[in-house]
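*Asks:* Next up is a structure, given as structure tokens.
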Amino acid sequence: MRRAIDGALTAFIASIDALRQEERLLAAEQHTTALAALQSESAACRSELHTLTAEIAEQEQGYEDLAQEHDRITEDRNQLAVKVAQQGAALTRMSAEIKDWQRQAADAQAAVETVNRLLSEEKAAHLRSSLQLDQLRSELTAKHQVEQALDEARRENARLRGRLEVLEPLAATLAASAHREAGGKV
């Protein structure tokens, strides 16, 4: 029964390890994909920002219509700059989250190692307990054999006492008879 529990506990810990590993791999893949998408989008935004800045430089030579276009492009550039800043902050947060997940994975690994150590200690304690139980069984068997010998001696003693109870009156009668015969001869 104890081995079955130990086996079930070991299988349970192994399944938890596998699930955690799969979860970490899935999370890492998802965050790597998201990080790559954000980086790609950020690069595209930077490229677009560079293009818009060049376009502004070219159109600054125009008149009022060009000035209005300049204002529009400047607004777009400002919005893109805000978006780039937001994406930079998102990248920073994601990096912090990845570090946190790595720390959690390390904590989970430490917990698994602790459980494995406790399991090893439990197995060692179980082995010691089994050895003690075997010793107690051996001692109990020896005690049982001594008790059987004592019971046999008691039965033999009772049998001899019964014979003695039969023989004592007979011996007394014979002694009395011998005494009378000896007295008659005198």
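The values are calculated or read from the model by the stated rules, or taken from the named source; none is laboratory data. Just so it is clear, the model here is predicted, and its values are computed rather than measured. Neighbour counts run over all protein chains shown; Cβ positions are idealised from the backbone, glycine included.
*Asks:* Could you tell me which numbered condition Arg77 fails, if it satisfies all but one of (1) surrounded by 12 or more Cβ atoms within 10 Å (Cβ to Cβ); (2) assigned to a helix (DSSP H, G or I); (3) modelled with pLDDT under 85?
*Replies:* Condition (3) is where Arg77 drops out.
*Asks:* Would you pick out the residues in the stretch 14-32 that are among the hydroxyl-bearing types (Ser, Thr, Tyr) and closer than 15 Å to Arg93 by Cα? First the steps, then the outcome.
*Replies:* Start the filter on the stretch 14-32 by keeping residues that are among the hydroxyl-bearing types (Ser, Thr, Tyr), which leaves 15, 32.
Listed by number, the list holds a single entry, Thr32.
*Asks:* Answer with yes or no whether Ala178 is more than 60 Å from the chain's Cα centre (by Cα), without any contact (Cβ under 8 Å) to a residue 24 or more places away in the chain and part of a helix (DSSP H, G or I). Steps first, please.
*Replies:* Working: more than 60 Å from the chain's Cα centre (by Cα): yes; without any contact (Cβ under 8 Å) to a residue 24 or more places away in the chain: yes; part of a helix (DSSP H, G or I): yes.
Taking the combined requirement at face value, the residue satisfies it.
*Asks:* Going by the structure shown, is Arg154 within 60 Å of the chain's Cα centre (by Cα) and surrounded by 10 or more Cβ atoms within 10 Å (Cβ to Cβ)?
*Replies:* Values: within 60 Å of the chain's Cα centre (by Cα): yes; surrounded by 10 or more Cβ atoms within 10 Å (Cβ to Cβ): yes.
Judged against the criteria, Arg154 is a match.
*Asks:* Next question, about the same structure. Among the candidates Leu91, Leu52, Leu119, Leu80, which residue alone is of a type outside the set (Ser, Thr, Tyr) and within 30 Å of Ile16 (Cα to Cα)? Working first, answer last.
*Replies:* On the way: Leu91 fails: within 30 Å of Ile16 (Cα to Cα); Leu52 fails: within 30 Å of Ile16 (Cα to Cα); Leu80 fails: within 30 Å of Ile16 (Cα to Cα).
Matching residue, one of Leu91, Leu52, Leu119, Leu80: Leu119.
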